Amino acid sequence: MLRRWLILCLAIQSLATPAALCTEPNSTPNHIISHIPRQRVESSAIAAVGYSKRRHILEIEFVNGAIYRYLDVPSAVHRDLMSAESKARFYDSKIRRHYRSVLVQPRQTSQSGN
C-alpha cells in the first residue's frame, strides 16, 4: 500500500502538481465536524443540547467544553431531557452509559500556568 502511495506521489509531482497533495493519507479523521445546532440550557453540567431528528443523534456540550455525540437516541429522550427539571441528573440516569457515544471535542484545559 505504501509503495503504491509513493508511486502515485511521484507521478503527481511529475505533472507539476503541488507536493502538498502527497501528504500521507489519514485513514481515520482526527475529529468530527458537527452541523447539529445546539440550544443553550440551564444546567450545572450541561451548556447546550442539539438533536438531529433525521439521524437520531443527540449532542451534548458540557460546561467544561467537551462535546459528545450520542447515537441512536429516540426523539422522546431528547424531548424528556429538554423538559427535565435537572438536565444533569436526567443525563446521568437516562443517557450516560445507555447510548453509544463519540467524542466530538475534548474538554477545554485551562491556559493559565497555575
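Residue by residue through region 62-111, note down the ones that are touching a residue at least 40 places away in the same chain (Cβ under 8 Å) and either in contact with a Cys (Cβ under 9 Å, 6 or more places away or on another chain) or charged (D, E, K, R) (or both). Across region 62-111, the qualifying residues are Lys87, Arg107.
All conditions but one from (1) modelled with pLDDT of 80 or more; (2) of a type in the set (S, T, N, Q); (3) open to solvent by 50 Å² or more (accessible area, probe 1.4 Å) apply to Ser43; the one that does not is (3).
The values are calculated or read from the model by the stated rules, or taken from the named source; none is laboratory data. Because the structure is a prediction, the values reported are computed rather than measured. Heads up, the Cβs are rebuilt from the backbone with ideal geometry, glycines too, and the neighbour counts pull from every protein chain shown. Just so you know, the surface numbers come from the protein's heavy atoms only, side chains and all, with ligands and any DNA or RNA stripped out. Shrake-Rupley method; radii C 1.70, N 1.55, O 1.52, S 1.80 Å.
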